[in-house]
Amino acid sequence: MNPAYIYRTIRFFFVIGVVILSLYAFLYLSKVTYPFIIGLAIAFLINPLVNIMEVKWKIPRALAVLIALVLIFAIFAGIITLLVAEIVSGADYLAKVVPQHLDTLIDFVEQFFAGQIIPLYNQLASLFNNLGTGQQDTIMTNIENVGKQFGSTLGDFIQGFFEKIPNILSWFPNAATVLIFSLLATFFISKDWHRLSGIFSRMLPSRAKKSGRTVFADLQKALFGFVKAQATLVSITTVIILAGLLILRVDYAITIALVTGLVDIIPYLGTGLIFVPWIIYEAIGGEMSRALGLGILYIIVLVQRQIMEPKILSSSIGLDPLATLIALFAGFKLIGFLGLIAGPVTLVLITTLHKAGVFRDIWMFIKGNEEAD
């Protein structure tokens, strides 16, 4: 056998081994260092703002980092306060209105049972009484088995739910601890950003340093682009829903539009989680015109989301719309909701590594020097 192919095979498996070990090491270390990874991500996001305050406004970097963190925290706190105030106001309205609608729903259910279920039950009972004893026993046995299976499934679900309550409650102190460590890590990483970058830069070879700058710049663009794209999509959805609800003269349209816009982030379910039960209820209550209006609004929101999402993501991240759509779907199928973020980021990482020539360098390493071989 040609020695060149043997060396290439050895180098190929060496590269595969290094990649697998690196991924395994990253996953293992991320389990014990994730607050600092979160801090690094936040520091990465606020770094442009900190640089502006440091360079243009001549503010000491430590103070600039503190101001940036306080500013971001204040913005989020303000948004949450406004949302909570609007939701509380809407909830107070719903507390007055829901009982009336619930009475309407109960009347509908009573009429449905009286007009449909009871006559059907009488027909089934008549047919059952006309069957032989063996057939009746078989039917009763099957009904009992279904009932036992349903009861067992329901019991397991309730048991599992209550068993998870302590874990949910224990999550809050852990979340507070993670938040504190993440904020401290953010402060120190962002404060010493240039020094840490210099240390890391000196550790890399010149070739890797050049490729790293390209990857870092593209990832920064993609990360900000993804956040911007999601904010744009949610804003468009919220505005469309608000306009539609105002046209339909729905009370507390702002509250409903804000909540529905945020729910739109959830994959597959999205706005359907709000609209579908609402449309069904309006139809049951006899408000067919409102149900029809809500149905049209829901279709408009669905269509614009499907059309706009690949285009906005591709333009913000700088990827092909079809490739972005595939990355979104594949990411969601593989790891769920986080895949909607991990999918495009992974695609960006692969694209940037290709642009930086990393794959070419790896292939040249595997191929080796043919003259020497």
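Once you keep just the Cα pairs under 8 angstrom separated by 6 or more residues, what percentage relative contact order results for the chain? Here the relative contact order equals 23 percent. Residues within the reach of a label modelled at ARG305 (point 7 angstrom out along Cα to beta-carbon, backbone nitrogen below 14 Å), restricted to the stretch 248-267, are 257-267. Couplings for the stretch 290-302, taken from phi via the Karplus curve 6.51 cos²θ - 1.76 cosθ + 1.60 with θ = phi - 60°, read 5, 4, 5, x, 5, x, 5, 4, 5, 5, 4, 5, 4 Hz in order; Gly and Pro are left as x.
The 3J(HN,Hα) values that the Karplus relation (6.51, -1.76, 1.60; θ = phi - 60°) gives for the stretch 30-37 are, in residue order, 5, 5, 10, 10, 4, x, 6, 5 Hz. Gly and Pro appear as x. Look at the alpha carbon pairs under 8 Å that are at least 6 residues apart: their mean separation over the length of the stretch 208-268 gives a relative contact order of 32 percent.
Can you tell me how the stretch 172-235 classifies by the Cα gyration tensor, rounded, prolate or oblate, using a/c under 1.5 as the rounded cut? Oblate shape, in that a/c is at least 1.5 and b/c is the bigger or equal ratio. Mean residue ellipticity, 222 nm, helices only, the chain: the sum of -39500 (n - 2.57) across DSSP H runs of n ≥ 4, divided by residue count and rounded to 500, is -31500 deg cm²/dmol. Report which label in [x] 21.5; [y] 23.0; [z] 26.8 holds the value of Kirkwood radius over Cα pairs in Å derived from the coordinates of this structure. Comparing each candidate, only [z] matches the computed number.
Would you mind telling me which residue in ASN174, ASN51, ASN130 has the biggest mean-square fluctuation in a Gaussian network model of the chain, where springs connect alpha carbons within a distance under 10 angstrom? Result for the chain, Cα springs under 10 Å: ASN130 fluctuates most. Exposed loop sites, defined as chymotrypsin sites (Phe, Trp or Tyr not before Pro) outside DSSP H, G, I, E and B with at most 12 other Cβ atoms within 10 Å, are absent from the longest region of the chain, namely 58-267. With θ taken as phi - 60° and the Karplus curve 6.51 cos²θ - 1.76 cosθ + 1.60 applied, the whole-hertz 3J(HN,Hα) list for the stretch 8-14 is 5, 5, 4, 5, 4, 5, 5 Hz, x standing for glycine and proline.
Taken together, the values in this text are just the output of simple stated rules run on the coordinates, not laboratory data. Not measured: the values here are computed from a predicted model. Backbone-built Cβ (ideal geometry, glycine too); neighbour counts: all protein chains shown.
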